[in-house]
Structure formats: structure tokens, C-alpha cells
Amino acid sequence: SDKEATDQMLAAEKSKTAELEGKVAGLESDQATLKEETARLATEVSQVKNDLESSQASASEAMSKLKLSESDLSSLKTKVQSAVSGGGFDLSPKSGRLFVTMAEPILFNSGSVRVKRDYNPTLESMAAVLNGNPSLRLIIEGHSDNVPVKAGVAYSDNWDVSLARAKSVVKKLIKMGVSPNQLLPTGRGEFDPLSSDDSADSRKMNRRVDFIVMPDLSTLISAARP
């Protein structure tokens, strides 16, 4: 009787041992599969990084080619100067682009994309310039400070906020009679600040829109081709 009980106990232990050995084998197999998947994902991530670096390099090269030379900027400024000066604006070449400058820049409250009514006179003057010069086209470039967008708001990041600010200005100008074909809204997020974002005043100046004269793109693209 004791031998029979011992045999049953040993058989039960052998069964448990076999079951545990099966689980260990399964875990080892899963671990091997996980290692393979990890290696595959690492390869994909490396490829994506390489593609991204290549794309960034190509984009940087294209942008450098599309920037105007000093002589081209001077020529463009001469063509546009009389048009914008009539509205009380000036022109300022910067980094290969021609900016329309004004006495008071259009700024935004933190996290806001609403254009304040105080800026209506400035925008009305801009609309008059554009309406009087149908061939003049402007890039309306929105910007933000470096404060992250709060969770739960309508915009996912500062790129969205900056573009929404540019679109708000564009919509105002269109309501004032400007043709949509003369306006191109873009956003730069927090990546082209006027000043450091280390104080409330500097962050305020970075929450802005810029007005940039759009040159003849067909000529620029032709010049950029190798």
C-alpha cells in the first residue's frame, strides 16, 4: 500500500515536471520569437531614421536653392516697394526672403488663434495694398512660442497653432476682399523665434504672423534644378 501511494506521488510529480518543462520550452520559444521581432523592429527603426535624415538633407538643400540671392532680393524689393509703401509698410530682406514689416506686428495671446480687433486697421491697409496690386502674393507665416499645447485643446501641437494663426489672418483678409489666390498660409511652430523663449515678453513676441512676399515660384524652381 505504501509503495502504491509512493508510485502515485512520483507519477504526479513526473507529470508536474513534464508540464513545467513544457512551459519552459514554450517560454524559450516565445523569447526567441521576441528577440527576432525586436531585431526586425530595430532594423526598421534604423531604416526610418536613415530615410528621415536623407529627407531632411534633401529638404535643406532644396530650401537653400530656393532662397533668393542678394541681387534677386534687391530686384524683388524694387518691384514691390512702391506698392507696400503706399499702405504704410516697409520691406526687410532676411535669410533669402523679403518680409513686409509694419509699425505694430500682429501678436496672439498664449494658446489663442484669434486675431484681435485692434489689428483690423493694419489688416485693412494690407488688404488695400493687395487689392490694388493683384499680382502681389504673400505668404502668411504663423509662429508660436515654445510652451507645449495643453491636453484637450483643439490643436495637437504648436505646428497646428501656428498654422491656425496664419489661417485666421488669411480669413480676415479674404473677408476684406482679398483674393485667396494672393495668400498662402503656413506655420512654423516654435522653430523660428524672434527672441529667446525665456521670459513672458519674449514669448509674446514669438506668437506672431509674418508677411513674406512670394516671388515667381516657376523661376525659382527652374533655377533650383541641377
Rounded to the angstrom and largest first, Cα extents along the principal axes for the chain equal 114, 46, 33
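What is the mean projected area of the alpha carbon convex hull for region 105-147, to one decimal in square nanometres?
Working: hull surface 14.3 nm².
It is 3.6 nm².
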Expressed as a percent, the portion of alpha-carbon pairs in region 65-137 spaced more than 16 Å apart is 56
Residue-ordered couplings for region 191-201, obtained by feeding phi - 60° into the Karplus form 6.51 cos²θ - 1.76 cosθ + 1.60 and rounding to whole Hz (Gly and Pro as x), are 8, 9, x, 7, 8, 5, 8, 9, 8, 4, 5
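Would you kindly state how much longer the chain becomes between Q47 and T186 on full extension, computed as 0.36 nm times their sequence separation minus their alpha carbon distance, in nm to one decimal? Write down the numbers at each step before the final one.
On the way: separation 139, 0.36 × 139 = 50.04 nm, distance 2.95 nm.
Extra length from Q47 to T186 when fully extended: 47.1 nm.
Rounding to the nearest 20 debye, state how big the charge dipole of the chain is about its Cα centre with +1 on each Lys and Arg Cβ and -1 on each Asp and Glu Cβ.
It comes to approximately 1720 debye.
Work through the residues other than R188 whose Cβ is under 13 Å from its Cβ and net out their charges, Lys, Arg +1 and Asp, Glu -1.
Details: positive: R97, R165, R207, R208; negative: E141, D145, D157, D160, E190, D192, D210.
Cβ neighbours under 13 Å give a net charge of -3.
In µm²/s, what is D for region 89-128 at 20 °C and 1.002 mPa s, where D = kT/(6 pi eta Rh) by Stokes-Einstein and Rh is the Kirkwood radius from Cα pairs? Mind dumping the intermediate values first?
On the way: Rh = 11.7 Å.
For the chosen part, D equals 183 µm²/s.
Over the chain, with every protein chain in place, what whole percent of the accessible area is carbon and sulfur at 1.4 Å, could you tell me? Please list the in-between numbers first.
Numbers: 7820 of 14410 Å².
Answer for the chain is 54 percent, counting heavy atoms of protein chains only.
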Averaged per residue, the 1.4 Å probe accessible area of the chain, protein heavy atoms only, in Å², is roughly 64
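Going from the alpha-carbon gyration tensor of region 113-207, what semi-axes, largest first and in whole Å, does one get by taking the root of 5 times each eigenvalue?
Details: eigenvalues 138, 38, 29 Å².
With the √(5λ) rule applied to region 113-207, the semi-axes are 26, 14, 12 Å.
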Over 25 Å (Cα to Cα) among K116/K150; K171/K204; K49/K167; K67/K175; K67/K172; K67/K116 -> K49/K167; K67/K175; K67/K172; K67/K116
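The values are calculated or read from the model by the stated rules, or taken from the named source; none is laboratory data. Owing to the predicted nature of the structure, the values given are computational and were not obtained by experimental measurement. Methodologically, a virtual Cβ is constructed for each residue, glycine included, from the backbone with ideal geometry; neighbour enumeration extends over all protein chains shown. Quick note on the areas: whole protein, heavy atoms, side chains included, nothing else; ligands and nucleic acids left out. Shrake-Rupley method; radii C 1.70, N 1.55, O 1.52, S 1.80 Å.
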